[in-house]
Every structure is written in C-alpha cells, then in structure tokens.
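Have a look at the structure below, then the notes.
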Amino acid sequence: MSVEEKINVNITGTKVINGKTYFVIISTEKDITYVRKDDNGNIVIPDSTLEIIIIPANPKLHDKWFSADSSKIMIITSTTAIVCTYVDLLEISTYDNMYANDSLRIMTETELEHNYYKKGLGLIRSTNYSTGGYERTLNAHYLK
C-alpha cells in the first residue's frame, strides 16, 4: 500500500562543510539537507569527507553513478517523465548495487527509490520503495 505525503521545503541559508559552501534546505518535517553545485556543474550533497552526486551536470538517459560506498547505483531512467502537472522531468532511480540492471524498468525488491526533478525548479517527487511505496510530493527545492 502506497502512502502519499505533501511537504514544503525551503532554502534557509548556507553552511560551510569541509571548506565548501552548501545551501541549507529544511522541510516542514524538520529534515535538513545540504546541497551545492560543484565545479563541474553536478548537484551534490556531502557525505563524510566526500560528496555524492544527486544530479549530474549534463544528464542523459541511462547515465549511471554510484553512492560514495558503492552500495547503491543511480540510473537516469527517463528524461521525459510526467508527474502531476509537470512534464519533461528527469527521473533518477536508485537500486541496490548488488542487483542493479539498467534494463530494469519495473518496481522490484532491489529498486530503492525514484526521484523526479524539473530543470530550474528542483525535486518534485520522491518515491521510496524500501519503505513499502512511501511517496512524497515536494514543493521544489535544490539549485536552479
């Protein structure tokens, strides 16, 4: 059974982490995310002393990259997804790296989540399958 929740997120300022300046994003649930655009144009978040790419600079269908510990693989599964009234969304699917298969387009036990981004707006929807189909529709954040 899928549960859907709508939340608001706001950029509230900046914070320096490991010598790099990130935007501070806080949701109505008080979740805090730090995000910045790196020198290559990728949108990244901090992880210990490393950074994880959440959106590559020039995303293309089937592009892949790994989490910092290589336990997850992210794949661009669509560049034309539609969610709510938004069209031409970038869909990034995250899989357990042990079972990742870029031809997989249906929900499986190893598929962890889908995130949908609109250029110039940010994250629109996040669906987490590892928690039983929990969906979040967000008012956009991240970098324009």
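Tabulated results
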read-out: Members of the stretch 1-41 found to be at pLDDT below 85 and of a type in the set (Lys, Arg), listed by number; value: 6, 30
read-out: Selection status of residue 91, within 16 Å of residue 125 (Cα to Cα), buried (at least 17 other Cβ atoms within 10 Å of the Cβ) and modelled with pLDDT of 85 or more; value: yes
read-out: Residue that is farthest from residue 9 (Cα to Cα), among those in the stretch 24-41 that are touching a Pro at 6+ places or on another chain (Cβ under 9 Å) and surrounded by fewer than 13 Cβ atoms within 10 Å (Cβ to Cβ); value: 40
read-out: Counted residues, the stretch 42-61 - those being loosely packed, with under 11 Cβ neighbours inside 10 Å and modelled with pLDDT of 90 or more; value: 2
read-out: Residue identified as in a strand (DSSP E or B) and under 14 Å from the mean Cα position of the chain (by Cα) among 21, 80, 33; value: 33
read-out: Residue that is surrounded by the fewest Cβ atoms within 10 Å (Cβ to Cβ), among those in the stretch 62-77 that are assigned to a loop (DSSP other than H, G, I, E, B) and at pLDDT below 85; value: 70
read-out: Residue list for the stretch 36-46, filter: part of a strand (DSSP E or B) and free of Cβ contacts under 8 Å to residues at least 60 places away in the same chain; value: 44, 45, 46
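The values are calculated or read from the model by the stated rules, or taken from the named source; none is laboratory data. Not measured: the values here are computed from a predicted model. We place every Cβ from the backbone using ideal geometry, glycine too, and count neighbours over all the protein chains shown.
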